[in-house]
1. List the pairs whose first member sits in segment 18-47 and is among the aromatic types (Phe, Trp, Tyr), whose second member is assigned to a helix (DSSP H, G or I), and whose Cβ atoms are under 9 Å apart, counting only residues at least 6 apart or on separate chains?
2. Just checking, does segment 33-44 include any residue being out of contact with any Lys or Arg (no Cβ under 6 Å at 6 or more places or on another chain), surrounded by 10 or more Cβ atoms within 10 Å (Cβ to Cβ) and in a helix (DSSP H, G or I)?
Amino acid sequence: MILEALGENCLFFKHEVTSEDDWKHVVEKAEEHFGPINILVNNAGIVI
């Protein structure tokens, strides 16, 4: 899997981007892993 190849410097969260609670969870887990967030890239896409 690509994520495993990237190692500990990469995290993946599948979540509903319109959900404030989901975002709180993502930020919490990211800060637990990396420390305080300075930059956040919200990369959500759709397939039509």
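1. PHE34/ASN9
2. Scanning segment 33-44 turns up at least one residue that is out of contact with any Lys or Arg (no Cβ under 6 Å at 6 or more places or on another chain), surrounded by 10 or more Cβ atoms within 10 Å (Cβ to Cβ) and in a helix (DSSP H, G or I).
Every number here is computed from the coordinates shown, using simple stated rules; none is lab data. The model shown is predicted, which means the values in this text are computed figures rather than measured ones. Note that each Cβ is placed from the backbone with ideal geometry, even for glycine, and that neighbours are counted across all protein chains shown.
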